[in-house]
Every structure is written in structure tokens, then in C-alpha cells.
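Written out below as C-alpha cells is the structure these notes cover.
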Amino acid sequence: MEMEARRVLWLAAVAWWAAAVARGDPQVPCYFIFGDSLVDNGNNNYIVSLARANYPPYGIDFAGGPSGRFTNGLTTVDVIAQLLGFDNFIPPFAATSGGQLLGGANFASAAAGIRAETGQQLGGRIPFAGQVQNYQTAVATLVSILGDQDTASDHLSRCIFSVGMGSNDYLNNYFMPAFYNTGSRFTPEQFADALIADYRRYLQVLYSYGARKVVLIGVGQVGCSPNELARYSADGATCVDRIDGAIQIFNRRLVGLVDEFNALPGAHFTFIDGYNIFADILANAASYGTGSR
């Protein structure tokens with residue numbers, strides 16, 4: 001299954017980063033996660049959506065069985081939470097309340113994108129704007145628990161935030177002309193600019209609400225996924241160049257966005273080059289234990 005293959009690649013792709021963080025830094029008090037099906041761990045279980053994974057064969061290697069994770073076992077953020085020393089996985093926001101939020105929350109939603117309409121053909125999902133709104137709600141709860149805004153801000157400034165958005169804006173929007181007209185309305189450069197403008201606005205809200213240590217994960221080589229090859233490429237091709245070319249435009253602009261935010265007081269934004277990490281994994285699949293293409 002394509003989604004599961006993507007999860008395996010992500011797991012290998014970020015393991016090196018997670019291990020480096022865990023080895024070199026002390027534990028962080030909390031971990032907040034924003035993204036799509038790559039890291040959704042159950043939020044979509046609570047909404048009406050075709051993008052759900054709370055049934056077999058998902059979760060066949062996960063303790064307790066299917067949980068809403070779009071993989072057979074752990075997601076990348078589960079592994080990161082373990083390596084950071086958390087006793088438990090970071091819970092989905094939909095199932096989190098009260099003091100649990102002191103340790104963070106996972107706001108990710110399968111089929112979600114930076115743009116509000118992305119993934120709408122799959123029904124319910126929580127776009128990045130909605131995830132950010134949920135985070136604002138969580139911050140209000142933290143202020144109430146900790147007693148004042150300054151204490152909450154200090155707490156949040158020591159937390160890690162990871163954001164991985166954009167894949168669905170291409171797979172389930174720009175390159176899906178049967179449901180969306182963005183591919184005919186925008187050139188790849190214009191679409192990347194539109195995505196980055198929205199991304200910037202939502203990240204500014206996160207920063208305004210205390211996020212300081214933020215990891216932004218670039219979009220991987222989704223043009224190499226089996227589904228996109230079947231739709232767009234000739235027999236024998238390994239990747240769809242026009243898809244990956246558009247994604248590289250977006251990723252270059254994302255690097256610039258990281259630089260912008262690092263100019264803000266106290267900000268520590270980091271770009272993870274998911275595209276080239278994926279390229280290495282795809283080229284050397286056997287050495288990563290993912291098999292060959």
C-alpha cells in the first residue's frame with residue numbers, strides 16, 4: 001500500500017535526526033506535532049473522513065492494534081518521542097485534555113494540507129489552519145494550568161515543535177485536476193509562493209503563541225510514489241519529474257522561510273531536507289532495510 005510505503009521511508013529518513021537530538025540535548029518538557037497522514041496518530045478517528053486508519057492491516061505491529069496511525073507500527077514522531085525520553089507516545093489532540101497537554105499534543109490530520117481545500121475529496125480533515133487553532137486552544141489550557149502567560153511561555157519555549165505540511169497540497173490538490181483547478185490556475189512557482197504565504201501566516205501564529213524550537217520538514221519525493229507513477233508516468237520510469245520539480249520549488253522557498261523566522265527573537269527554526277533524504281533512501285533502499293524498487 002502506497003501510504004504504508006511512505007511511512008516506512010519517513011521512519012528511516014528522520015531516524016538519524018531524532019537520534020542526534022536525543023543524544024546531544026537534555027529531554028524537552030513537551031513535543032507538539034503538526035502534519036498529515038505521515039504523523040497522524042488518531043485525530044482523524046474522531047471525524048467523518050475516508051482518511052482513517054483505525055482498522056487492519058494498519059497497526060498490525062503496534063501494541064494494541066490499529067490506532068489511527070497510517071502504518072503497520074510506529075510513526076516517525078513516535079520514534080522521536082521515545083528517543084527524547086518520553087514515557088508515552090505524544091497523544092492525539094482529539095484525545096488529550098487538561099494536564100496531559102503539559103507534555104505536548106499531536107495535531108496532525110490525514111489528508112490535511114496547507115491550503116484549506118486540500119484533501120476535501122476525502123471528507124473530513126483538519127487543515128493546517130485548524131491544527132494551529134487547536135494549538136491556540138491548548139495554549140489557553142496551559143495558561144490556566146500554569147497560572148499565567150509568562151510561565152506558560154517559558155514552558156513552551158523549551159519544547160520542540162515539528163511541522164511537516166505540503167505533500168497533500170500537491171498529491172491531493174495541485175496534481176489532481178479531476179477535483180481541483182489549482183494546476184491550471186497557478187504555475188508551479190505561483191503555487192509554491194501561495195503555499196509559502198499561507199505557511200508563513202500560520203507559523204507566525206505558532207511563534208506568537210510561544211513556539212521557538214521549530215523543525216520544518218521539507219516535502220519528499222512524492223513523484224516517486226507508486227500512485228503518481230501509475231497516473232502520470234510511462235512504463236519503466238521511477239519518478240514523475242514534473243511533480244518532483246514542483247516540490248523542489250516549494251522546498252527552496254521553505255528554506256528561505258526558515259531563514260526569515262530565525263531572524264525573530266529567540267527563534268530556532270530548522271529545515272529537514274526530506275527530499276534529498278528520500279532520494280538517498282530510494283537509491284539505497286536495501287541498505288536502509290526497505291527493500292528494492
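About its Cα centre, the chain has a charge dipole of approximately 200 debye under the convention of +1 per Lys or Arg Cβ and -1 per Asp or Glu Cβ, with nothing else charged.
When the Cα atoms of the chain are aligned to their principal axes, the ranges along those axes come out at 61, 41, 39 Å in descending order. Taken about its Cα centre, segment 158-248 carries a charge dipole of roughly 560 debye when the Cβ of each Lys and Arg holds +1 and the Cβ of each Asp and Glu holds -1. Among the helices of the chain, those built from whole DSSP H runs whose Cα atoms reach 24 Å or more along their own axis and whose mean Kyte-Doolittle hydropathy is at least -0.5 are 2-24, 128-146, 188-208, 241-261.
Estimated from the Cβ-Cβ distance and a Förster radius of 22 angstrom, the FRET efficiency linking N88 and Y55 is about 0.45.
Each value in this text was obtained by applying a stated rule to the coordinates, not by laboratory testing. Keep in mind that this is a model prediction, so the values were computed, not measured. We place every Cβ from the backbone using ideal geometry, glycine too, and count neighbours over all the protein chains shown.
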